[in-house]
Amino acid sequence: MNRFALSETPFDVAALRAQLLDARVGGYASFEGWVRDHNAGREVTGLRYEAYVTLAEVEGERVLAEACERFAILDARCVHRTGDLAIGELAVWVGVAAAHRDAAFAACRWIIDEVKQRVPIWKHERYAQGDADWLHPAPKGDDPAD
Amino acid sequence: MSARVTVLYFASLRDVAEIDHETFETSAPDLRVLYLELRARYGFPLSVDRLRVAVDGEFARWEDAPRDGSEIAFIPPVSGG
């Protein structure tokens, strides 16, 4: 079963959420990352996500499998966009179902943090001044975009 | 001993190299030396300690020798999410 997916097109969060809900679920938590109009003091007009698809799918699955081991959750999913995105578009979604809310919140937070640190996806930002750049953040949370 | 390898370039590495992959013979003893040779050729700004390396779609070690017929990717710091 695939818990992690890359999507070249906008995707339906409601359908993904519905896949996680059943009679055992007492708590559901989700995170949505959206494209905002600024980063590190610069006005952003849009961005592109590029992935090393083969490895991103393997590593994304690994993150979600590890989350299911580490936390008392029933299941989890993550979908990350690739390609060109406009301001206000959904970039990444994480959903977690659990019997209780504590594990759902904790696993959701852990998954998005691990995805951002481990999965080979890169953000290319376009700026209002006309230039554009790849974001290659420094390790240990030094990235002001965190 | 040389190995014929395909190297994939992503994100800023692709922009600097101006290609997304290339196939060539290398006699580099390990993946670290291979990257250093490519860095010297293309002028990649990223040092080895900022990268990870993958072989055939799985993370690998810098001290691994390039395998004949393998696909090697140097992974710049990621920025998904």
Folded to 0 to 90 degrees: helix B:31-42 orientation relative to chain B principal axis, Cα: 60
FRET efficiency estimate (nearest 0.05) - Cβ-Cβ, A:Thr54 to B:Glu18, R0 25 angstrom: 0.65
Along chain A, longest interval not containing exposed trypsin sites (Lys or Arg not before Pro), exposed being DSSP loop plus at most 16 other Cβ atoms within 10 Å: A:37-139
Value of relative contact order over the range B:11-81, rounded to a whole percent, pairs C-alpha under 8 Å and six or more apart: 34
Using alpha-carbon coordinates, inclination of helix A:53-70 to the longest axis of chain A, degrees: 40
Among B:Asp49, B:Asp15, B:Asp68: highest mean-square fluctuation, GNM of chain B, C-alpha pairs under 10 Å: B:Asp49
Using alpha-carbon coordinates, inclination of helix A:101-118 to the longest axis of chain A, degrees: 40
Qualifying GluC sites (Glu not before Pro) for the range B:1-56 [loop in DSSP, other Cβ within 10 Å: at most 12]: B:Glu18
GNM top mover of A:Ala107, A:Ala51, A:Ala76 - chain A, alpha-carbon springs below 10 Å: A:Ala51
FRET efficiency for A:Arg126 and A:Glu32, using Cβ-Cβ distance with R0 set to 22 Å, rounded to 0.05: 0.55
For chain A, diffusion coefficient by Stokes-Einstein and Kirkwood Rh (Cα), 4 °C, 1.567 mPa s, µm²/s: 82
Shape call, the range B:24-81: gyration tensor on alpha carbons, a/c limit 1.5: oblate
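Every read-out reported here was derived from the displayed coordinates using simple, explicitly stated rules and does not represent laboratory data. Since the structure is predicted, the reported quantities are computational estimates derived from the model, not experimental observations. Every residue, glycine as well, gets a Cβ built from its backbone with ideal geometry; the counts of neighbours run over all protein chains shown.
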